[in-house]
Amino acid sequence: MVFSEAAFGLQGTFVHESRTYGEMATGSTTLAFAAESLAASHGFAFRRQSADKKPAAFEIALISDDVDDAYRRALDHGARSLAESKEMPWGQWVSYVVDLHGHAVEICSKIKT
């Protein structure tokens, strides 16, 4: 969560005393993080994420008013670049990084409608 606060400007709203679960405000929804030790306690198998491997086929998308600045800030805090900022055919700006835990994060502007 410290990385997400520093790199993406998200605000932590709850951390369990065990430090194995935490929540972050992302607007009208909550983004939650669980430690692998907590995930293992649920009784089902899961694939461990790692920043040095390919990310899973899903992403966390974070909307920014300044995609280039948010992308550079993520890199400054240890994220690995997947794709630099570019404008999509529908007018949205997007970039992609891998966070410190191996999750793909899309940093994007709002879609123009």
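The values are calculated or read from the model by the stated rules, or taken from the named source; none is laboratory data. Model, not experiment: these values are computed from the prediction. No Cβ is skipped: glycine too gets one built from the backbone with ideal geometry, and neighbour counts run over all protein chains shown.
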- Message: Please go through segment 81-97 and give me each residue that is at pLDDT 95 or above and closer than 24 Å to T30 by Cα, ordered by number.
- Response: W93, V94, S95, Y96, V97
- Of the residues that make up segment 70-92, is at least one over 16 Å from the mean Cα position of the chain (by Cα), of a type outside the set (F, W, Y) and assigned to a helix (DSSP H, G or I)? no
- Note on the structure: When segment 42-69 is checked residue by residue, the ones that are under 25 Å from G27 (Cα atoms), touching a helix residue (DSSP H, G or I) at 6+ places or on another chain (Cβ under 6 Å) and part of a loop (DSSP other than H, G, I, E, B) are S64
- Restricting attention to segment 31-78, the residues that are among the polar types (S, T, N, Q), surrounded by 13 or more Cβ atoms within 10 Å (Cβ to Cβ) and in contact with a Ser or Thr (Cβ under 9 Å, 6 or more places away or on another chain) number exactly 1
- Subset of segment 16-30, residues exposed (fewer than 15 other Cβ atoms within 10 Å of the Cβ) and more than 17 Å from the chain's Cα centre (by Cα), comes to H16, E17, S18, R19
- Right, T113: among the polar types (S, T, N, Q), free of Cβ contacts under 8 Å to residues at least 12 places away in the same chain and either in contact with a helix residue (DSSP H, G or I) (Cβ under 7 Å, 6 or more places away or on another chain) or over 24 Å from H16 (Cα atoms) (or both) or not? yes
- Query: For the subset of segment 55-79 comprising residues that are in contact with a His (Cβ under 9 Å, 6 or more places away or on another chain) and of a type in the set (A, V, I, L, M), which member is modelled with the highest pLDDT?
  - Reply: I60
